[in-house]
1. Given DSSP loops and a limit of at most 15 other Cβ atoms within 10 Å, what is the longest stretch of chain B that contains no such chymotrypsin sites (Phe, Trp or Tyr not before Pro)?
2. Whole angstrom only: what separates the Cα centroid of segment A:13-76 from the Cα centroid of segment B:129-201?
3. Assuming 1.306 mPa s and 10 °C, estimate D for chain B with Stokes-Einstein, Rh taken as the Kirkwood radius over Cα pairs, in µm²/s.
4. Can you compute the radius of gyration and Dmax for segment A:145-185, using only the Cα atoms, both in Å?
5. Please report the net charge: other residues with Cβ closer than 15 Å to the Cβ of A:VAL169, K and R +1, D and E -1.
6. So what's the net charge close to B:SER445: Lys and Arg +1, Asp and Glu -1, counting the other residues with Cβ under 15 Å from its Cβ?
7. Using Cβ counts within 10 Å as a stand-in for footprinting exposure, how do B:VAL41, B:VAL118, B:VAL88 rank, fewest first?
8. Take every residue in peptide B:129-142, count the Cβ atoms of other chains within 10 Å of its Cβ, and give the average of those counts.
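FYI, it's all coordinate maths here, none of it is from the lab. Model, not experiment: these values are computed from the prediction. Heads up, the Cβs are rebuilt from the backbone with ideal geometry, glycines too, and the neighbour counts pull from every protein chain shown.
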Amino acid sequence: MPGKPANDKPTYDEANRLMELSAILFYAFTVLTVGSAAYMVFSKNIVHAAFALIFSLSGVAALYVLLYADFVAATQILVYVGGILILILFGIMLTTLDFTENLKTVTVNMLPASLLSGAVAVLLLYVFFAAEWTTIVPADRDGTMYDLGMMLMNEYLLPFQIAGVLLLVAIIGALLMSTRHKNEP
Amino acid sequence: MEILNDMLLYLPAIIITVAGLIVMMVDAYTKNATMIYTVSVASLILALAASVYGLFGPTVDIFYGMATTGGTAAFGTALVVAATLFVVVLSREYLTSINHNFAEVYTLILFGTVGMIVLATANDLVTVFMGLETMSIALYVLAGIVRDEKTGIEAALKYFLLGSFATGFFLYGIALLYGATGTTRLADIGLYADAGLIYWAGVGLLLVGFFFKVSVVPFHMWTPDVYEGAPTTITAYMATAAKTAAFVSLILILERALPLAVEQWSGVLVVIAILTMILGNIVAMVQNNVKRMLAYSSIAHAGYVLVGLAAGTAAGYSAVLYYLLAYTLMNIGAFGVVAYYERHKGMQFNSVDQYAGMGYKQPFMAVLLGIFLFSLAGIPPFAGFIGKYQVFAAAIQADLIGLAIVGVLASVAGVYYYLRVLVFLYMKEGTEEIELTQAGFPYRSVLLLLALLTIYFGVLPGGLSELLAGFHQGTLYSGTPLP
């Protein structure tokens with residue numbers, strides 16, 4: 001790796017301590033992510049929910065950093081936190097005030113929904129504890145962007161191009177649904 | 001130059017993508033509706049020729065193993081493109097008559113078809129996902145283009161919300177499978193017979209996502225409302241092309257990624273197939289709205305397809321492909337005639353009582369509807385019969401005798417509601433005064449062609465059956481050129 005003196009390599013103890021530190025950070029950010037996601041789901045106020053979503057998605061970005069996926073983390077903040085959520089907030093705030101205030105969510109079908117999600121949660125928890133996880137310490141490296149670019153233009157060329165079509169379809173669809181056609185009755 | 005070669009093998013999707021972009025540009029600059037329609041139809045004919053040519057090409061992996069050509073994938077591509085071609089021709093006249101002939105519809109149909117081709121040729125779970133989503137988003141919008149009807153908005157919203165929910169399941173399934181096997185490539189996942197509980201959870205969630213897209217019980221709740229609310233020719237598109245693409249992709253996944261788990265998923269498919277056939281047929285019987293009846297009938301037909309898949313054999317897979325062809329032909333035809341009746345009185349004109357006495361007013365259309373309904377009911381000598389026969393025969397060969405018996409009984413029950421429409425058409429006196437105008441020439445010719453194909457594949461299934469059987473006999477990467 002360029003720009004890294006050889007004597008800078010962490011010793012075994014240091015490496016261990018780093019691992020512990022990143023474990024602490026991991027759990028902290030997990031609590032942030034899951035906690036604000038839960039707050040978002042249970043909140044009855046749509047503005048509060050949108051703000052909670054910001055924290056949740058930022059937490060996910062931090063988890064990406066811990067996985068050495070710095071580019072994905074930056075994109076996550078840029079696209080989700082910076083773009084989509086600000087748009088949602090604008091949408092909420094620009095609509096008339098009493099409309100937003102009256103826009104409260106209600107919960108229906110409490111029993112079947114909680115039974116079903118409880119069952120799925122039990123299944124996933126069981127999978128989590130029963131599976132034999134192999135833990136890999138991600139290699140410390142720079143230039144994930146280079147790798148990413150190479151992969152997008154080689155192995156993942158087809159999905160990458162189709163993603164372009166997908167976004168185009170989404171834009172056309174949003175336009176068609178939101179504007180009134182001139183020859184529409 | 002490998003990329004160029006891959007692109008050549010992927011020509012149908014590329015032609016249609018380019019056509020979609022051209023249609024967008026034409027719409028932006030000239031708004032020439034005739035040109036938009038011509039470009040769409042011409043590109044679909046070209047793509048159809050390319051994909052039929054691909055049927056006889058080699059089975060190879062392209063784009064670094066992200067997609068596959070030849071065999072099942074090529075057949076799926078050809079079927080999807082053909083269905084889209086028919087739907088586009090029918091849509092122009094129908095949408096004009098209900099004042100919703102927007103240029104965006106053609107762009108969305110073309111891009112949606114690209115998504116379907118990607119889905120039907122996918123050889124990697126990432127590609128499966130991209131294709132599925134491109135297709136779905138185009139369909140969500142298409143379902144809701146008639147916004148001045150309450151049912152149209154309901155259809156779009158319901159489809160969108162439930163579809164996004166199913167996508168979540170699907171994506172989580174992919175993630176768990178990746179966690180269990182460390183790869184998203186179908187053939188590499190296929191090397192694992194059992195990778196612990198996480199593997200099974202992944203397979204389960206993946207199948208749930210697919211079950212939703214092909215609308216089988218108990219994941220069918222959205223289907224009747226969406227099929228009823230969407231414009232009728234678009235409903236035909238959703239019920240045929242989209243289902244074909246999803247089923248072809250399911251065949252590729254079952255055959256390549258889960259060949260060693262066949263016992264387990266076969267058991268699941270048997271249960272789902274029985275539920276789907278029974279519920280689809282029984283609920284279809286009590287429907288008075290013809291479009292809703294066809295929606296439940298399409299649920300029942302998805303059940304018959306699952307019978308062939310549950311067999312998990314080469315015969316089962318090729319039977320399913322044949323069934324998808326028959327189903328596409330007769331279903332587009334039936335929806336086409338329903339759309340023709342509908343346009344005289346607006347989108348609510350679908351009740352079976354309103355069909356009373358119409359059989360003698362435009363005899364040509366009524367006879368065509370009769371052919372399609374007889375074929376849907378599985379009565380010889382139409383394609384629907386051969387499809388059902390092959391599917392049930394495959395199930396019996398695979399020792400799923402109980403499943404085949406339930407299937408036959410369910411399809412006998414199905415005869416009732418198909419023939420009921422014909423009884424109203426011919427044997428009841430109409431109460432309403434209605435003048436039926438002649439449909440345009442392209443409209444009539446497409447329906448006639450569909451009827452002739454329905455009869456042709458019902459009388460002479462031989463050549464195609466042999467071709468389809470050839471797809472599944474060799475090993476996966478044999479690469480043998482087909483006849």
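1. Details: sites that count: B:PHE56, B:TYR477.
Result, exposed sites excluded: B:57-476.
2. That distance is 25 Å.
3. On the way: Rh = 22.2 Å.
This corresponds to a translational diffusion coefficient of 71 µm²/s.
4. Final numbers for Rg and Dmax: 16.4, 52 Å.
5. Numbers: positive: none; negative: B:ASP27, B:GLU104, B:GLU133.
Taking every other residue near A:VAL169 into account, the sum is -3.
6. Values: positive: B:ARG92, B:ARG444; negative: B:GLU93.
Cβ neighbours under 15 Å give a net charge of +1.
7. Details: B:VAL41 18, B:VAL118 32, B:VAL88 22.
Placing the least packed residue first, the sequence is B:VAL41, B:VAL88, B:VAL118.
8. Working: counts 2, 9, 5, 0, 5, 9, 2, 2, 9, 6, 2, 4, 8, 2.
Across B:129-142, the average partner-chain Cβ count within 10 Å equals 5.
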